[in-house]
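Input: a single structure, listed below in structure tokens.
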Amino acid sequence: ARPPAAPRPVIGDSWHRVRRSGLDPDTGRPSRPLSAEELEHRRHASPLGQLLPQLRSGLMTVADAERHLLVVTDPEGRVLWRYGDRAVRRRADRIEFGLGAAWSEDSVGTNAIGTALVERRPVQVHSAEHFVRTHHAWTCAASPLHDPRDGRLLGVVDVSGPAETFYPATLALVTAVAKVAEGELRARHWETVDRLRSMAAPLLCRLGGRAMVVDRDGWTAAVVGMASAGRVALPKSVQAGRVWLPSLGMCSLQPLPDGWLVRV
């Protein structure tokens, strides 16, 4: 039906996407939750597991006070972790907002998790802004989480709860905590590069010609005989041996702990 006012652009764009996909606003497109085995596999494979202490310390106080849930998903919108009041968790279960559930736009329409995944930016969705009517009793704010090494989307952190507990500053808080979490990933990455640099320095001193040591993502730890580059574009499937690198030409790659020795 015609809404009483025009939706915000981010909501209107999402509604159009969801309508084009043929999603039923009464039922959504229910999908089976992940099995326990698949859920555990995705948890272990996700870098977000190491950020749970930062996310919980930054958001659980507000989530508990406002009777909200803290949810962390993977890049597909699958719920990997969920924390919060037991009564609110039971209420969430009634709309299939549980562990392993799919909360992409394709599955459940406009919602903060799915729309943040599409928009690649923080999103708040309140009450009837949700496309599926059974979600109108909820409010949610979500921010995507990116790997600072390569910009890869890792998932989403979300705070959701009953619509009557709507708090305008939730989106700003979720966004700030997400930035802190990404900063933690960045700091851990540079710690790894520093350890690699300490190991690589004596190795490079013994080599002649042009060579460098990079981490597994191509970030430079140490260089000899050539100008330093911040990052080298490595093949998606890196293997030892001769390989053509766009910025360097033909090179020889040798594996190192947490990285590669690149000899031009």
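The values are calculated or read from the model by the stated rules, or taken from the named source; none is laboratory data. Model, not experiment: these values are computed from the prediction. Counting neighbours? That spans all protein chains shown, and the Cβs are built from the backbone with ideal geometry, glycine included. With ligands, DNA and RNA removed, areas are computed over all heavy atoms of the protein, side chains included. Shrake-Rupley method; radii C 1.70, N 1.55, O 1.52, S 1.80 Å.
Only one residue in Gly161, Gly183 is more than 30 Å from Ser252 (Cβ to Cβ) and touching a residue at least 60 places away in the same chain (Cβ under 8 Å). Which one? Outline the logic, then answer.
Values: Gly183 fails: touching a residue at least 60 places away in the same chain (Cβ under 8 Å).
Sole residue among the options that is more than 30 Å from Ser252 (Cβ to Cβ) and touching a residue at least 60 places away in the same chain (Cβ under 8 Å): Gly161.
Number of residues in segment 14-48 that are within 29 Å of Leu173 (Cα to Cα) and either free of Cβ contacts under 8 Å to residues at least 24 places away in the same chain or of a type in the set (S, T, N, Q) (or both) equals 6.
For segment 98-111, what are the residues that are within 13 Å of Arg133 (Cα to Cα) and assigned to a loop (DSSP other than H, G, I, E, B)? Give the steps one after another, and end with the answer.
Kept after step one, since they are within 13 Å of Arg133 (Cα to Cα), are these residues of segment 98-111: 108-111.
Of everything in segment 98-111, those that are within 13 Å of Arg133 (Cα to Cα) and assigned to a loop (DSSP other than H, G, I, E, B) turn out to be Gly109, Thr110, Asn111.
When the residues of segment 244-255 are narrowed to those that are hydrophobic (A, V, I, L, M, F, W, C) and at pLDDT 90 or above, which ends up most open to solvent (accessible area, probe 1.4 Å)? Taking the candidates together, the pick is Trp244. Counting the residues of segment 1-31 that are closer than 16 Å to Trp103 by Cα and either of a type in the set (Asp, Glu) or in contact with a His (Cβ under 7 Å, 6 or more places away or on another chain) (or both) gives 2.
Yes or no: Leu39 touching a helix residue (DSSP H, G or I) at 6+ places or on another chain (Cβ under 9 Å) and open to solvent by less than 60 Å² (accessible area, probe 1.4 Å)? Against the criterion (touching a helix residue (DSSP H, G or I) at 6+ places or on another chain (Cβ under 9 Å) and open to solvent by less than 60 Å² (accessible area, probe 1.4 Å)), Leu39 does not qualify.
Looking for whichever is surrounded by 13 or more Cβ atoms within 10 Å (Cβ to Cβ) and touching a Cys at 6+ places or on another chain (Cβ under 9 Å) here; the options are Val214, Val159. Which one fits? Outline the logic, then answer.
Working: Val214 fails: touching a Cys at 6+ places or on another chain (Cβ under 9 Å).
Only one candidate qualifies: Val159.
Of all residues in segment 186-209, which are outside any helix (DSSP H, G or I) and either without any contact (Cβ under 8 Å) to a residue 12 or more places away in the chain or not hydrophobic (A, V, I, L, M, F, W, C) (or both)?
Step one: list which residues in segment 186-209 are outside any helix (DSSP H, G or I), which gives 206-209.
Matches in segment 186-209: Arg206, Gly208, Gly209.
A residue that is among the charged types (D, E, K, R), modelled with pLDDT of 95 or more, more than 22 Å from His130 (Cα to Cα) and not in a loop (DSSP other than H, G, I, E, B) occurs nowhere in segment 15-29.
Residues Leu153, Leu117: which one is farther than 16 Å from Gly28 by Cα, touching a His at 6+ places or on another chain (Cβ under 7 Å), open to solvent by 10 Å² or more (accessible area, probe 1.4 Å) and at pLDDT 95 or above?
Numbers: Leu117 fails: touching a His at 6+ places or on another chain (Cβ under 7 Å).
Leu153 is the lone residue from the list that is farther than 16 Å from Gly28 by Cα, touching a His at 6+ places or on another chain (Cβ under 7 Å), open to solvent by 10 Å² or more (accessible area, probe 1.4 Å) and at pLDDT 95 or above.
Looking only at segment 214-264, residues that are farther than 14 Å from Arg197 by Cβ, without any contact (Cβ under 8 Å) to a residue 12 or more places away in the chain and outside any strand (DSSP E or B) come to 4 in all.
Scanning segment 221-232 finds no residues that are farther than 30 Å from Leu51 by Cα, hydrophobic (A, V, I, L, M, F, W, C) and touching a Cys at 6+ places or on another chain (Cβ under 6 Å).
A quick yes/no check of all residues on (1) assigned to a loop (DSSP other than H, G, I, E, B); (2) closer than 27 Å to Ala45 by Cβ:
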residue: Val62; (1), (2): no, no
residue: Val79; (1), (2): no, yes
residue: Arg82; (1), (2): no, yes
residue: Val88; (1), (2): no, no
residue: Glu96; (1), (2): yes, yes
residue: Leu117; (1), (2): no, yes
residue: Ala128; (1), (2): no, no
residue: Thr134; (1), (2): no, no
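Within segment 231-242, one or more residues are more than 23 Å from Gly151 (Cβ to Cβ) and surrounded by 11 or more Cβ atoms within 10 Å (Cβ to Cβ).
Considering segment 163-208, the residues that are of a type in the set (Asp, Glu) and open to solvent by 40 Å² or more (accessible area, probe 1.4 Å) include one that is farthest from Val62 (Cα to Cα), namely Asp194.
Can you find even one residue in segment 169-179 that is farther than 30 Å from Leu234 by Cα and touching a Ser or Thr at 6+ places or on another chain (Cβ under 7 Å)? Can you show your working first?
Of all residues in segment 169-179, those farther than 30 Å from Leu234 by Cα come to 169-177.
Keeping just the survivors that are touching a Ser or Thr at 6+ places or on another chain (Cβ under 7 Å) gives 174-175.
Checked segment 169-179: at least one residue is farther than 30 Å from Leu234 by Cα and touching a Ser or Thr at 6+ places or on another chain (Cβ under 7 Å).
In the condition set (1) over 22 Å from the mean Cα position of the chain (by Cα); (2) on the phi > 0 side of the Ramachandran plot, Glu96 is compliant with all but (1).
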